[in-house]
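The values are calculated or read from the model by the stated rules, or taken from the named source; none is laboratory data. Given the structure is predicted, the values throughout are model-derived calculations rather than measurements. Glycine gets a Cβ as well: all are built from the backbone with ideal geometry, and neighbour counts include every protein chain shown.
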C-alpha cells in the first residue's frame, strides 16, 4: 500500500474530490475491519462504518504531516473505546489494565483457523486493550514508533517503552498458552511471522463473512 498515494488522495479529498475519499476508504476497509474483528468479533462491521463516518466528519482536521493512515487508526481506536463504554454504561474502565477478553469474550476459534494463530489471538486478547492495539499496529500495520506516537499524541520514547512492555507481556501470555517458559519462546522473528499469519487469517475471515 503506497503511502505516497495516500497523501495525494488525502489532499484531493480535503479539497472536495469525493472519489479520492472513496478510494481511501476502499483501500483501508480491510485493515480497519481486521482491527475491530480481533477485539469485538461480529460487531466489527458496525464499528468500521462508525469509524469511516467519523473520518468523513473530521476530514478537514487531518494534518498532511500526520497522514491519513495514522489519523484513521487514531479514529478507529477512539471509536473502539467509545464502544466499550457504551455497552457498559456507568462502568469504570482502565484500558491500560482491562483486556479485550475481559470486555468482549469471543472464542479465538471463530476468528482464526490454525492452532498457532488461535493461541496468538487468545494471547493478544489477554493483553490490556491499549497494549493489544499498540502491538497490532506495529506487527499488522507496519507502523513504527514515531507513527504510533502520532496516533497517541505522546512522545516517541514513550511509545517505544510501551511497545517493549507489550511485546514482553505478549511473550509471557503466549508462553503460558504454549506450555513453555518465556525464556524458551521462539525468537521475535518467528513471533513476527505468526503475527502476519494471524493477520492474513483474519483478512480471509473478513472476506468470507
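Here residue 21 clears all of (1) closer than 25 Å to residue 95 by Cβ; (2) in a helix (DSSP H, G or I) except the condition numbered (1). Inspection of region 147-163 identifies no residue that is in contact (Cβ under 8 Å) with a residue 24 or more places away in the chain, in a helix (DSSP H, G or I), surrounded by 15 or more Cβ atoms within 10 Å (Cβ to Cβ) and touching a strand residue (DSSP E or B) at 6+ places or on another chain (Cβ under 6 Å). Filter region 122-138 down to the residues that are crowded, with 23+ Cβ neighbours inside 10 Å and over 19 Å from residue 81 (Cβ atoms) and list them by number. Matches in region 122-138: 123 only.
Exactly one residue out of 10, 24, 47 is over 30 Å from residue 102 (Cβ atoms) and under 19 Å from the mean Cα position of the chain (by Cα), and it is 24.
I'd like to check something: does region 66-83 contain any residue that is part of a loop (DSSP other than H, G, I, E, B) and touching a helix residue (DSSP H, G or I) at 6+ places or on another chain (Cβ under 8 Å)? There is at least one residue in region 66-83 that is part of a loop (DSSP other than H, G, I, E, B) and touching a helix residue (DSSP H, G or I) at 6+ places or on another chain (Cβ under 8 Å). Would you tally the residues in region 115-137 being within 13 Å of the chain's Cα centre (by Cα) and farther than 24 Å from residue 93 by Cα? Of the residues in that region, 0 qualify. Restricting attention to region 50-70 and to residues that are more than 13 Å from the chain's Cα centre (by Cα) and in contact (Cβ under 8 Å) with a residue 60 or more places away in the chain, the residue that is surrounded by the most Cβ atoms within 10 Å (Cβ to Cβ) turns out to be 68. Here residue 41 does not qualify as in contact (Cβ under 8 Å) with a residue 40 or more places away in the chain, closer than 18 Å to residue 70 by Cα and either surrounded by fewer than 20 Cβ atoms within 10 Å (Cβ to Cβ) or in contact with a strand residue (DSSP E or B) (Cβ under 7 Å, 6 or more places away or on another chain) (or both). For the residues 108, 195, the requirement of being under 18 Å from the mean Cα position of the chain (by Cα), under 18 Å from residue 42 (Cα atoms), crowded, with 18+ Cβ neighbours inside 10 Å and modelled with pLDDT under 95 singles out 108. Picking from residues in region 85-105 that are over 29 Å from residue 178 (Cα atoms) and part of a helix (DSSP H, G or I), the one that is modelled with the lowest pLDDT is 87. In the set (1) under 25 Å from residue 194 (Cα atoms); (2) at pLDDT below 90; (3) not in a helix (DSSP H, G or I), the condition left unmet by residue 117 is number (3). Does region 58-77 include one or more residues that are more than 20 Å from residue 27 (Cβ to Cβ) and at pLDDT 90 or above? Within region 58-77, none of the residues are more than 20 Å from residue 27 (Cβ to Cβ) and at pLDDT 90 or above.
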